[in-house]
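Undergrad: Here it is: the structure, laid out below.
The values are calculated or read from the model by the stated rules, or taken from the named source; none is laboratory data. On a predicted model such as this, the values are computed, not experimentally measured, just so you know. Don't worry about glycine lacking a Cβ; one is built from the backbone with ideal geometry, like all the others, and counts go over all protein chains shown.
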Amino acid sequence: MPIIELNHPLVSHKLAILRDQNTGTKEFREIIGELSTILCYEALKDANTDEIEIKTPICAMKAHQINEENYAFIPILRAGTGMLDGLIKIMPNAKIGHIGMYRNEETLKPVKYYYKTPKDLEKREVIVLDPMLATGGSAIDAITMLKEEGATKLKFLCIIAAPEGLQKMQEIHSDVPIYCAQIDNHLNENGYIVPGLGDAGDRIFGTK
């Protein structure tokens, strides 16, 4: 499973603002979207295109287009929805699903409280969204659910990843590429990514 970490001065610049505890909700949300757009650009480098015939103001030519309807974006609630704007700005016709879940404290198994995905997942490239890959639990459970629904072409996009979460993903879903803006140092005793950026959901929605 490839792990693609963005390595670009502009990404570092945006992450510096994102991590700052003084960055407000509006700017935080906007930068999450901007970084998500860049991640989507990277994740679609291997996209298939269809050849079409068009006319420019100068002449006729052959061009190449992506069939956007072959793609499904699936954010993990609730923080993953903060990444959607950045993706649908450049792929507005992609299908959108949502996965909301919590872990049963007795069985430790994931329980879906909301699960709505596009039809024919087996025919689509499915891109799962969550700003933080910490322990990896939510991402692993979401991808497992999607595979059970027939999805075979999956990618996972996040802003920040912890080595622990990456390792768990490699163990369970070795076939799913991961795209992240940056890999951080470790998880602390409370399961937060260090240095991280705090609780992404709280900061996106202003509930901190």
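Undergrad: Find all pairs meeting these conditions: Cβ atoms under 6 angstrom apart; at least six residues apart or on different chains; first residue within segment 1-14 and surrounded by 11 or more Cβ atoms within 10 Å (Cβ to Cβ); second residue hydroxyl-bearing (S, T, Y).
TA: Correct list of pairs: M1/S174; I4/Y179.
Undergrad: Looking at V126, is it in a loop (DSSP other than H, G, I, E, B), buried (at least 20 other Cβ atoms within 10 Å of the Cβ) and in contact with a Leu (Cβ under 6 Å, 6 or more places away or on another chain)?
TA: no
Undergrad: So for segment 119-137 (the condition being in contact with a His (Cβ under 9 Å, 6 or more places away or on another chain) and of a type in the set (A, V, I, L, M)), does at least one residue qualify?
TA: no
Undergrad: Something else about it: Has segment 50-58 got at least one residue that is at negative phi, in a helix (DSSP H, G or I) and at pLDDT 95 or above?
TA: no
Undergrad: Can I ask one more? Take segment 171-192 and flag every residue that is in contact with a strand residue (DSSP E or B) (Cβ under 9 Å, 6 or more places away or on another chain), modelled with pLDDT of 95 or more and not in a loop (DSSP other than H, G, I, E, B).
TA: Selection gives I178, Y179, C180, A181, Q182, I183.
Undergrad: May I ask you to list pairs of residues, at least six apart or on different chains, whose Cβ atoms are under 8 Å apart, with the first in segment 16-41 being closer than 16 Å to E5 by Cα and the second being at pLDDT below 95 and of a type in the set (K, R)?
TA: T37/K89
Undergrad: If I filter segment 147-160 for residues that are among the aromatic types (F, W, Y), in contact (Cβ under 8 Å) with a residue 60 or more places away in the chain, assigned to a strand (DSSP E or B) and under 24 Å from K116 (Cβ atoms), do I get at least one hit?
TA: No.
Undergrad: Given the criteria of a type outside the set (A, V, I, L, M) and surrounded by 12 or more Cβ atoms within 10 Å (Cβ to Cβ), does G24 qualify?
TA: So G24 fails the test.
Undergrad: What single numbered condition from (1) among the basic types (K, R); (2) at pLDDT below 95; (3) in contact with a helix residue (DSSP H, G or I) (Cβ under 8 Å, 6 or more places away or on another chain) fails to hold for R29?
TA: (2)
Undergrad: Also, quick follow-up: Of (1) among the charged types (D, E, K, R); (2) out of contact with any strand residue (DSSP E or B) (no Cβ under 8 Å at 6 or more places or on another chain); (3) modelled with pLDDT under 90; (4) not in a loop (DSSP other than H, G, I, E, B), E105 satisfies all except one. Which?
TA: Exception for E105: condition (4).
Undergrad: In contact with a helix residue (DSSP H, G or I) (Cβ under 6 Å, 6 or more places away or on another chain), under 14 Å from G80 (Cα atoms) and of a type in the set (K, R), is that true of R124?
TA: No.
Undergrad: Further question: When you go through (1) without any contact (Cβ under 8 Å) to a residue 40 or more places away in the chain; (2) at positive phi one by one for G191, which number turns out not to apply?
TA: Condition not satisfied by G191: (1).
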